[in-house]
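Here, each number is a calculation from the coordinates, and none is a lab measurement. Being a predicted model, the structure only gives us computed values, none of them experimental. Cβ coordinates were reconstructed from backbone atoms using ideal geometry, including for glycine residues, and neighbour counts include every protein chain displayed.
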Amino acid sequence: MTISFHPDIATLMSFSAGTLDEPYAVVISTHLAMCEACREQVKRTNLIGGALLSLEPATEMSAGSLDRFMSRLDDAEPVQPKQQSKPGVPAPLAAYLPDGIDAVHWKFSGPGVAIADLPTSRNASGRLMLLRVAGGRKVPEHSHGGQELTLILKGAYRDRFGVFAAGDIADHDEDVEHQPIAEPGEDCICLVAVDAKLSFRSRLVRTLQPLFGI
Ligand SMILES: [Zn+2]
């Protein structure tokens, strides 16, 4: 799998620090299961964070301590998912999709577009969902009320940033407007975490938004 788009380093650091809300952490965990480069990045971030916490402010690194620290980086175990999952479901999603993607109950969300909310913990903030866009169909142009993380599980879509295929992640904040169009062919299925309702530009879509539940 060739992955071209990764989370922002700030998002990975928040994941390492355990400060991401559950929907975002699930998306990042799923990306990590698919992306060795980010697994390495998180491993390093974890170790650097731990090392910084353990340093006294006035402590100077002794000769050789940097070498020992770097060798610890090389020895560290990668983040490995442990859950069992259905075929086609990345391990970190096993608990959220116990019966697999084929058993998901999709809700109509516009022509060629469907969503399925995934249950999260009762006190989790934000929303975790699957988004399915038929080949060649558009997701209405929108901006975000907060951060949006989108991980492509199947198929591909194109927007002004490029073509996003399986394993790629789009990490957008509230300043980004974009209009993804699924590439022709198979459905594009994405795992999405949002912390607020999407904001659509079209008045018609805004009017219909409550009906579609998006
Ligand atoms: Zn990555």
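One Cα centroid belongs to segment 2-39, the other to segment 113-131; the line between them spans 17 Å.
Phi angles across segment 100-114 convert, under the Karplus curve 6.51 cos²θ - 1.76 cosθ + 1.60 with θ = phi - 60°, into 3J(HN,Hα) values of x, 5, 5, 8, 5, 8, 7, 10, 4, 9, x, x, x, 10, 9 Hz, Gly and Pro given as x.
Peptides 7-13, 98-104, ordered by how many other C-beta atoms sit within 10 Å of their residues on average, highest first, read 7-13, 98-104.
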